[in-house]
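> To start, I am sharing the structure in question, which I have written as structure tokens.
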Amino acid sequence: MKSSRALKYLILLLFLSLTLAWKVIARVTPHEQPTDRHIQVRLAEFLVGQHFSVSMMERAEQGKPAVTASSGSCRMLVIRSPALGWDRDLIRRYAEAEDQLFVVFRGRTYSDQPTFQTVVDALWSRFQRELGLAASPSPVFAVVARRGCEADRLPWDKFDPSRS
């Protein structure tokens, strides 16, 4: 059986129209991503809710302290970490002998950054944004805290950086 050339071109034109329409519709509604400052403010609010006195750094940058928190003798430094975890050695410099260092990602604590998970999360959200969907990678935080604080036992699963 031979199909007509006109039918092939019609089908091709239909698929092309659908893909272009999808791109136009997806791009018409830009989605607001939380800024580093927004995430820093949400983090400070979370720690205040946990009865910490909080001070925020002037600029919220990856690899640099974003928030310092204290409660009694408990001192904590929270640093936004990139998905690739390239700043591990820099973060260790902030820790003293009596400190513990852990990573918070998606409400869970890890003794070391789960780099595979954080990179996949960053790539997946980038792919979704390219399709025009609302997506942002889950922030990764390195926490330096005094051992007696048990900062890793805070309800990190209740921390939601994306809420308004």
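> Please list 4-14, 137-147, 66-76 highest first by mean number of surrounding beta-carbon atoms within 10 Å per residue.
Details: 4-14: 9.5, 137-147: 21.1, 66-76: 18.0.
Going by the mean number of other Cβ atoms within 10 Å, highest first, we get 137-147, 66-76, 4-14.
> Using the alpha-carbon atoms, what tilt in degrees (0 to 90, nearest 10) does helix 115-130 show relative to the longest principal axis of the chain?
Between helix and principal axis, roughly 40 degrees.
> Could you compute the FRET efficiency for Arg108 and Glu58, with r as their C-beta to C-beta distance and R0 at 25 Å, rounded to 0.05? Mind showing how you got there, number by number?
Numbers: r = 29 Å, r/R0 = 1.17.
Efficiency at R0 = 25 Å is approximately 0.30.
> Moving on to the next point. About the Cα centre of the chain, how large is the charge dipole given +1 on each Lys and Arg Cβ and -1 on each Asp and Glu Cβ? Please answer in debye to the nearest 20. Walk me through the intermediate numbers first.
Details: 23 positive and 17 negative charges, 187 e Å.
In total the dipole reaches around 900 debye.
> Using just the helices of the chain, give the 222 nm mean residue ellipticity in deg cm²/dmol: DSSP H runs with n ≥ 4 each add -39,500 (n - 2.57), and the total is spread over all residues, rounded to 500. Provide the component values of the computation, followed by the final result.
On the way: 4 runs with 59 residues, N = 164.
Using -39500 (n - 2.57) per qualifying helix, the result is -11500 deg cm²/dmol.
> Another one. With everything on Cα atoms, drop me the angle between helix 36-49 and the longest principal axis of the chain, reported from 0 to 90° to the nearest 10.
Value to nearest ten degrees: 50.
> Could you state the angle between the C-alpha long axis of helix 5-28 and the longest principal axis of the C-alpha atoms of the chain, as a value from 0 to 90 degrees rounded to the nearest 10?
30 degrees
> If you average the sequence gap of Cα pairs under 8 Å that are 6 or more apart and divide by the length of the chain, what percent do you get for the contact order? Write down the numbers at each step before the final one.
On the way: 232 pairs, mean separation 40.2, N = 164.
Worked out over the chain, it gives 25 percent.
> At 0.36 nm per residue, and after removing the present C-alpha to C-alpha distance, how many nm does the segment from Arg37 to Leu84 gain when stretched out fully? Mind dumping the intermediate values first?
Values: separation 47, 0.36 × 47 = 16.92 nm, distance 2.04 nm.
That pair, Arg37 and Leu84, stretches by 14.9 nm at full extension.
> List the extent of the Cα atoms of the chain along each of their three principal axes, largest first, rounded to whole Å.
81, 28, 25
Throughout, read-outs are computed from the coordinates displayed, never taken from laboratory work. The structure displayed is predicted, hence computed values, not measured ones. Every residue, glycine as well, gets a Cβ built from its backbone with ideal geometry; the counts of neighbours run over all protein chains shown.
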